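For reference, the structure discussed in these notes is given below.
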Amino acid sequence: MKEITKDLLREISEWNGEFKGAYNIREDGACVGRVSSKNIRIESKKDQPGLEIFIAANTKGETVSIPACVTHGDVDDLVYNDFYVGENADVVIVAGCGIHTETGEPARHNGIHRFILGKNSKVKYLEKHIGTGHGTGLKSIDPVTEAELDENSVLEMDTAQIGGVDRTLRKTAAKLGAGAKLLIRERILTEKDQTAKTEFCVELNGKDSGVDLISRSVARDNSHQGYHSVIIGNAPCTGHSECDAIISENGKVDAAPELHAHDTDAALIHEAAIGKIAGEQILKLRTLGMTEQEAEATIIDGFLS
Amino acid sequence: MLKLENISWSTPDGTPVLKDLNLEVPDGKSVVLTGPNGGGKTTLAKIIAGIYKQDNGKIYFDGRDITEVDITERAKMGISFAFQQPVRFKGITVQKLLELAAGKKLERDVTCDILSKVGLCAGEYVNREVNATLSGGEIKRIEIATVLARNSKLTVFDEPEAGIDLWSFTNLIHTFEEMRKSMDGTIIIISHQERILKIADEIAIVADGRIKMSGAADDMMKSLAENKSIIGRCSKQEALF
């Protein structure tokens with residue numbers, strides 16, 4: 001494993017020399033480490049690049065990590081990872097992607113993740129994306145997440161793109177069965193001339209299913225972000241989406257939430273707030289002894305935490 | 001000591017708010033600034049904190065001319081300001097905000113001690129975000145907690161009673177009474193409330209951009225009760241102005 005990969009792993013997956021539980025490390029499109037556990041089996045796909053991860057029913061308290069790193073330019077990595085989560089399992093999945101380039105050639109990772117959650121299973125999915133290096137080549141990460149949640153299963157997604165990624169198109173789609181819950185918490189920071197687009201489509205098909213989608217973003221410098229969420233309530237269900245964005249300098253944010261209530265007992269809500277940092281917030285922190293710059297950084301750190 | 005000399009301030013459209021105002025606040029005292037709405041109290045408080053810059057006049061703090069010193073530097077010198085309408089921060093927890101106020105990491109027992117002074121149970125609040133889910137009474141108490149965490153030489157409270165319900169107000173008075181006993185520094189409170197006036201060492205009436213009258217709290221309370229023309233209009237037991 002390359003030193004750059006180790007650095008990226010520390011950033012995206014809190015790797016400290018080893019992983020706890022099952023893992024697969026992908027480096028420039030190849031596997032550089034894999035361990036399965038008794039309850040979590042990781043296998044290579046036969047027909048396309050990527051993995052099949054089988055989590056046995058009733059597995060409790062285990063973690064599986066599948067980070068992907070691109071360490072130089074002129075790499076276009078495409079991977080399909082499918083997770084089959086058995087009934088009643090309760091696990092943590094740590095994904096994440098780091099891209100590094102020191103040249104003018106582009107580097108891209110496109111991770112397509114599919115989650116099939118069995119009845120009553122619970123998954124916490126952590127995904128952090130980062131770009132590093134001084135190369136002028138575009139660093140792109142285009143994740144696709146597709147999830148099918150069976151009865152009473154819970155998927156909690158905590159995703160963050162914390163800087164250095166020049167282009168990103170994030171697509172998340174989910175279909176929920178009866179009693180299933182989907183919690184999404186997304187944070188995106190763009191700077192310089194970066195662009196980020198995020199799209200959600202959640203179908204609430206089962207009785208008492210619910211989604212809570214919270215997106216917070218900061219667009220600085222000349223960066224541009226787009227947010228588009230679609231929540232479709234096909235049954236008695238609850239749906240809430242919240243898109244908050246801070247813009248500074250010449251940053252731009254477009255937000256387009258869509259709610260579709262196709263059942264009279266579908267209760268859907270959307271909240272959105274876009275604007276620059278409130279002057280009162282800066283003033284308050286200055287009265288605590290911070291400079292204006294320190295106050296801004298503190299507000300943004302907190303907002304994206 | 002805080003000393004303001006000949007302070008004047010006008011709104012951007014030129015309407016005079018403070019007119020040649022003079023005020024001295026001795027160390028260790030609690031002083032309530034009261035008076036009718038529009039008299040200049042909040043403007044005065046913001047000028048002390050450096051949030052507004054006076055058009056004319058001088059400000060001295062601990063013997064140093066701070067007329068040109070900005071908000072950040074005044075805060076570092078030991079001046080704290082509790083906002084009338086506290087600011088909310090998405091993503092920043094109560095614990096984090098108190099640590100930002102204190103300028104250091106705070107152990108759980110320290111946080112608990114600060115929050116208990118404003119009548120909040122730390123267990124319920126430390127991990128909550130300082131966002132719109134907090135009620136008016138809760139955010140007010142947290143605002144006060146942030147200035148308590150600073151343990152400043154001078155703390156200015158701008159209408160702490162504003163925007164809170166009667167139940168929270170009763171508790172807030174108790175909080176101020178307790179705070180008065182435990183705080184070492186100087187306190188300036190902008191208030192209309194008689195019960196807050198009663199916890200002051202000194203009272204100054206700000207009206208029409210000037211200090212109309214000031215003195216020891218007992219004497220001033222008597223004067224206010226006897227001579228309501230001092231402030232032009234007066235009111236009821238709970239809200240004097």
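The values are calculated or read from the model by the stated rules, or taken from the named source; none is laboratory data. Please read these numbers as outputs of a predicted model, since none were measured by experiment. Methodologically, a virtual Cβ is constructed for each residue, glycine included, from the backbone with ideal geometry; neighbour enumeration extends over all protein chains shown. Areas reflect the complete protein model, heavy atoms only, side chains present, ligands, DNA and RNA absent. Shrake-Rupley method; radii C 1.70, N 1.55, O 1.52, S 1.80 Å.
Just a few scattered comments:
- For residue A:218: the one exception among (1) free of Cβ contacts under 8 Å to residues at least 60 places away in the same chain; (2) within 25 Å of residue A:190 (Cα to Cα); (3) buried (at least 20 other Cβ atoms within 10 Å of the Cβ): (1)
- Scanning the stretch A:128-152 for residues that are crowded, with 22+ Cβ neighbours inside 10 Å and at pLDDT 95 or above yields A:145, A:147, A:149.
- Qualifying residue in the stretch B:50-60 (condition: within 30 Å of residue B:19 (Cα to Cα), in contact (Cβ under 8 Å) with a residue 60 or more places away in the chain and either at the interface with another protein chain (Cβ under 9 Å from one of its Cβ atoms) or more than 18 Å from the chain's Cα centre (by Cα) (or both)): no
- Scope the stretch A:105-127; condition over 16 Å from residue A:210 (Cβ atoms), open to solvent by 70 Å² or more (accessible area, probe 1.4 Å) and in a loop (DSSP other than H, G, I, E, B); matching residues: A:105, A:106, A:119
- Among residues of the stretch A:285-305 that are at the interface with chain B (Cβ under 7 Å from one of its Cβ atoms), those with a Cβ under 6 angstrom from a residue that is open to solvent by 40 Å² or more (accessible area, probe 1.4 Å), sequence gap 6+ or separate chain, pair up as A:289/B:76; A:303/B:90.
- In the stretch B:178-203, the qualifying residues are those that are among the polar types (S, T, N, Q) and assigned to a strand (DSSP E or B), and the one that is least open to solvent (accessible area, probe 1.4 Å) is B:186.
- Hits in the stretch A:171-183 - residues which are within 15 Å of the chain's Cα centre (by Cα) and open to solvent by less than 10 Å² (accessible area, probe 1.4 Å): A:174, A:182
- Selection of the stretch A:236-256 for residues being in a strand (DSSP E or B), within 20 Å of residue B:91 (Cβ to Cβ) and either within 14 Å of chain B (Cβ to nearest Cβ) or of a type outside the set (Val, Ile, Thr) (or both) yields A:240, A:241, A:242, A:243, A:244, A:245, A:246, A:255.
- Filtering the stretch B:86-136 to residues that are touching a residue at least 40 places away in the same chain (Cβ under 8 Å), away from chain A (no Cβ under 13 Å) and open to solvent by less than 30 Å² (accessible area, probe 1.4 Å) leaves B:106, B:118, B:134.
- Subset tally (residues that are open to solvent by less than 30 Å² (accessible area, probe 1.4 Å) and farther than 19 Å from residue B:121 by Cα) for the stretch B:139-172: 10
- Within the stretch A:12-26, being surrounded by 21 or more Cβ atoms within 10 Å (Cβ to Cβ) and not hydrophobic (A, V, I, L, M, F, W, C) holds for A:13, A:23, A:24, A:26.
- Residues of the stretch B:61-85 that turn out to be open to solvent by 30 Å² or more (accessible area, probe 1.4 Å) and either modelled with pLDDT under 95 or more than 7 Å from every other protein chain (Cβ to nearest Cβ) (or both), as a count: 10
- Close pairs from the stretch A:1-17: first over 18 Å from residue A:134 (Cα atoms), partner part of a helix (DSSP H, G or I) and open to solvent by less than 90 Å² (accessible area, probe 1.4 Å), Cβ under 6 Å, at least 6 apart: A:15/A:9
This table checks each residue for (1) open to solvent by less than 40 Å² (accessible area, probe 1.4 Å); (2) at pLDDT 95 or above.
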| residue | (1), (2) |
| --- | --- |
| B:9 | yes, yes |
| B:12 | no, no |
| B:22 | no, yes |
| B:30 | yes, no |
| B:37 | no, no |
| B:47 | yes, yes |
